[in-house]
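These notes are about the structure you will find just below.
The values are calculated or read from the model by the stated rules, or taken from the named source; none is laboratory data. Since the model is a prediction, treat every value here as computed from it, not as a measurement. So basically every Cβ, Gly included, is an ideal-geometry build from the backbone, and we count neighbours across all protein chains shown. Surface accessibility is based on the protein's heavy atoms, side chains included, excluding ligands, DNA and RNA. Shrake-Rupley method; radii C 1.70, N 1.55, O 1.52, S 1.80 Å.
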Amino acid sequence: MPANRGPRITHEDDSMQRLPTGIPGLDHLLNGGYPAGRVSLIRGASGSGKSLCALMLASAQPGGAIYGTFDEAPERLQGYLSNWRTESDVHFLDFRAEDDLVNESFSGVELGGLLVRIEHALALHDTRVVILDAFDSVATTFGNTETIRRSMTAVFNWARNNDVTLLVTGGVDADYRSATGLMDYLADCVIEIGQAIEGNLMTRTLRVIKLRGAGHGTNVYPFLIDEHGIWLLPITDTALTAPALRERQSTGIPELDEALGGTGVWSGSTVLISGTSGTGKTIIAAHMAETFCKAGKKTLFLSFEESPQQLLRDVASVGISLSSAMEEGRLFLEARRAVERGVEEHLIWLFHETHRRGVDTVIIDPISALSDVASARSFKNLVLRVAHQLKSEGLTLVLLELIGDDGSGQSSLNMSSLIDTWIRLERVRRDNHFHRTLHVHKSRGSSTSSEVMDFEITARGLTLTSTTARQA
């Protein structure tokens, strides 16, 4: 997948008025939305999400919108709207092939008839927003390129001259003499959506090709289609603008809090707990989740290894009860298989859930599971973006990393500079026994202990013992 790096999107004032797109994230890329009173084009292959983008715009307009369809039946489009919008003021016009407006000329009276119907609908419903879905299909049967250009130019100029915001959708054609290619040149804003395949996993992508008279996001951005519509992830800012919160959160383990300076981790920080299999990473994370929830913090716990039922059972065996926090709506346990989706879809889903649930803390167990579905570069980019975005929103992020059993004990994330607090767990052999150990590798803004502590997992939870106490 292309890396989402590039110049920061600026939001300086300009003379262009904008219309909200209805898609979280896309307004940011367009510095406010589609250009009002102008023509925008969304193009993409079949199944890429063009019609859904158009429906999102139409349903987001408080003053209503006119939706002309040249492909799907209005009843079907209305059904899509009803699935994920409780209320909308969208009025459909059926311009499909059986309509008398389209014949071999697509000019003169026929084109005038199409515009007359649109003008009547605009006046009737008092709106200035028009969508023409699959507009290029009308012209695909014509061999005269000049006729197509004149006809489309006439429609686009009609919109500009009448202060109508027009969004048209079309397919993708490498031949720029085709209808789609011509619309690229004629439109004021052009957006391309597509599907990228990596490791047999598909990710939907969006790119703003042009926006006349204004700046815009220039990279390829992933987006997700779900039961709520479209979610776009426009993480491009290069400035480090994360807030420095002055609140600390207890981990629920007194000895660990003491090792971290006495009161736990900073709110809004990124915490990494790394260790090989069986070192107790999930148990420590569960302790933290239980404590965060008792302190009134909403927490999302995402597991790539265990189902919620298994996790609840396993942590209950060591005295950690998460059920009450779930029942009270403070803890949300989610389990997903890492190999079922690409890293971009996992990423978008995660941010979608944090916003939908309104959480304060996110725990991912383990983040290293996603390294199996992406290249090393894509995986590192994923972790960087997760940490950057959640930190910029003031959320506490706890990442668990499974270190391989090759004996090196080295972290594979290779991004320690990104981590605020790093807790390392190990299993060491001593006196013919294996002992679990914990030490704080680093913790920014804290006076940390340099001790390596032994810890045991018992039916009453974790017990940590300092090396000084053990030797005494």
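Worth a mention:
- If you take all other residues with their beta carbon under 14 Å from the beta carbon of Thr282, and give Lys and Arg +1 and Asp and Glu -1, the sum is -3.
- Per-pair calculated FRET efficiency, R0 = 45 Å: Ala36 and Lys442 via Cβ, rounded to 0.05: 0.35
- Residue (of Met326, Phe301, Val315) at the positive-pole extreme of region 288-361, dipole from beta-carbon charges: Met326
- Paramagnetic reach from His352 (point 7 Å along Cα→Cβ, amide N under 18 Å) across region 367-392: 386, 390
- Using only alpha carbons, region 291-424 has a radius of gyration to Kirkwood radius ratio (Rg to Rh) of 0.95.
- Note on surface exposure: Asp136, Asp173, Asp431 rank Asp431, Asp173, Asp136 by accessible area, highest first, 1.4 Å probe.
- Per-atom-type breakdown for region 276-341 gives carbon and sulfur 45% of the accessible area (1.4 Å probe, protein chains only).
- Accessible surface of region 350-451, 1.4 Å probe: 43 percent of it comes from carbon and sulfur atoms.
- Extension gain, Val318 back to Tyr80 (0.36 nm per residue minus Cα-Cα distance, nm): 81.0 nm
- Cα-only radius of gyration and Dmax that characterise region 320-394, units Å: 13.4, 40
- Restraint check, Lys50/Lys391; Lys297/Lys391; Lys380/Lys442; Lys298/Lys442; Lys50/Lys210; Lys210/Lys380, Cα-Cα greater than 23 Å: Lys50/Lys391; Lys298/Lys442; Lys210/Lys380
- Surface analysis of region 249-348 yields an accessible area of 36 Å² per residue, using protein heavy atoms and a 1.4 Å probe.
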